[in-house]
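Q: One structure, pasted below without further comment.
The values are calculated or read from the model by the stated rules, or taken from the named source; none is laboratory data. As the structure is a computational prediction, the values presented were derived from the model and not from experiment. Backbone-built Cβ (ideal geometry, glycine too); neighbour counts: all protein chains shown.
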Amino acid sequence: MSTTSKLILGVCIGLSGGIIMYVHLKQDSDIEKLHMGVMKDLERQRRRKIENIYLLQQQSELTREFQRDIADKTKDGNAMPS
């Protein structure tokens, strides 16, 4: 085999190895990004759930207050006619 052939073969092998390594590293990076996206989504859902529970509690308290006010007005005879 001539020196030129050996050199070209070495360059091709090195380039192929570099491409394979790049593809594997890129796949690992993409998998990590996908995993981080899932984790962010789970955290976002958890925060939304907490916020929704808080809002539901506030609405329940406001409903109880409103019902007490209506009951008090009805007892006092100040209820507005329908």
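Q: Determine if region 71-79 includes at least one residue that is of a type in the set (S, T, N, Q) and at pLDDT 95 or above.
A: Within region 71-79, the subset of a type in the set (S, T, N, Q) is 74, 78.
With at pLDDT 95 or above added as a condition, the list becomes none.
The answer is no, given that none of the residues of region 71-79 is of a type in the set (S, T, N, Q) and at pLDDT 95 or above.
Q: Another question about this same structure. Has region 4-14 got at least one residue that is polar (S, T, N, Q) and surrounded by 10 or more Cβ atoms within 10 Å (Cβ to Cβ)? Explain how you work it out, then say what you get.
A: Narrowing region 4-14 to residues polar (S, T, N, Q): 4-5.
Next, only the ones that are surrounded by 10 or more Cβ atoms within 10 Å (Cβ to Cβ) stay: none.
No, region 4-14 contains no residue that is polar (S, T, N, Q) and surrounded by 10 or more Cβ atoms within 10 Å (Cβ to Cβ).
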